[in-house]
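Everything below concerns the one structure shown next.
The values are calculated or read from the model by the stated rules, or taken from the named source; none is laboratory data. Quantities reported herein were computed from a predicted structural model and do not represent experimental measurements. Cβ placement follows ideal geometry from the backbone for every residue including glycine, while neighbour counts extend to all protein chains displayed.
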Amino acid sequence: MENPNGSSITKQLADAYLCDDGLPIAVSPKFVGHETLRDEMQNRDPRFFQNIATHDEIRTIRDGVVLSYWGDIYDALNTSGERTSPAGYINIKGYNPDMAYHVQQYEESPGIIYRYAEALLNYAEAKAELGNITQGDLDISINKLRARVGMPDMKLDIGFVDPDRDFPALSPLINEIRRERRIELACEGYRWNDIARWAAADELIVGKRLKGFKASQITDNQFPVDNEGFLDPLFERMPNGYGFVLGRDYLTSIPIEQLVLNPALTQNPGWPSTVQ
């Protein structure tokens, strides 16, 4: 998943961005490959670059000196670095290198409170789930977002099946609407609520480890690498992937203090009801 409070984006999210022909990387002839980040960046949905630092992206300007992410990027792969990014893909959404921090503990950049894009995505998803979505519905919702970034329109007849789709049991249209939501709202704090609402932890979380880009791109890698050469930073901590418990973890536990204060409350299923 994508952490709105951190700077690391996963391979799973990076792979979700379509190519600029409107096709997934698994079927598009325009996808160059994963060998380097420069390869991955070619011919992609422009929102890829709004989220992920390019080689020439300005990281900061200090005393008139411009530092790029790929000039001193891989303190970012150091877990104690200023912009930690153990997956290699650095999240830059909303980052402003010119921002002045007049008080160290606070920044002065404006925050997004409401997103019109979310309303459009909600509309498209609701119509699709009801089974009565039309091309006109897509045109007044998702295709407005695509037009903004110069991507091809989504068609009611998707016209392809992504072999790497997240939800093989669901229609191509539902899969693509969910993809659109993921990439448009990436790193803004929506992802877990969407996964919980779709009851999709079994497809997206259980047994999964979050991967990064090709480790061969960097010279001083300190993280594990999987058998395909991709960064696998969580392998040592959870070799079997996330231990999400489907019958428990969609709900968080009620704090013990609240149970003590109100004996009428009962603990959510699977969580201890008393202090051990």
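Summary of computed values
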item: Total residues in the stretch 180-206, condition at pLDDT 95 or above, farther than 24 Å from Leu138 by Cβ and among the small types (Gly, Ala, Ser); result: 3
item: Looking only at the stretch 39-57, and only at residues there that are over 15 Å from the mean Cα position of the chain (by Cα) and within 19 Å of Ser8 (Cβ to Cβ), the one that is surrounded by the most Cβ atoms within 10 Å (Cβ to Cβ); result: Glu40
item: Helices (runs of 4 or more DSSP H) within the stretch 169-216 that include 1 or more residues in the same structural domain as Leu156 (by TED's automatic domain parsing) and crowded, with 17+ Cβ neighbours inside 10 Å; result: 172-184
item: Matching residues, the stretch 220-276, being exposed (fewer than 15 other Cβ atoms within 10 Å of the Cβ), touching a Phe, Trp or Tyr at 6+ places or on another chain (Cβ under 8 Å) and either over 27 Å from Ala200 (Cβ atoms) or touching a residue at least 40 places away in the same chain (Cβ under 8 Å) (or both); result: Asp220
item: Complete set of residues in the stretch 133-151 that are more than 15 Å from Glu184 (Cβ to Cβ) and assigned to a loop (DSSP other than H, G, I, E, B); result: Ile133, Thr134, Ile140
item: Those residues of the stretch 133-145 which are free of Cβ contacts under 8 Å to residues at least 12 places away in the same chain and under 18 Å from Arg178 (Cβ atoms), in sequence order; result: Asn143
item: Considering residues of the stretch 109-128 that are modelled with pLDDT of 95 or more and within 16 Å of Asn193 (Cβ to Cβ) only, the residue surrounded by the most Cβ atoms within 10 Å (Cβ to Cβ); result: Leu121
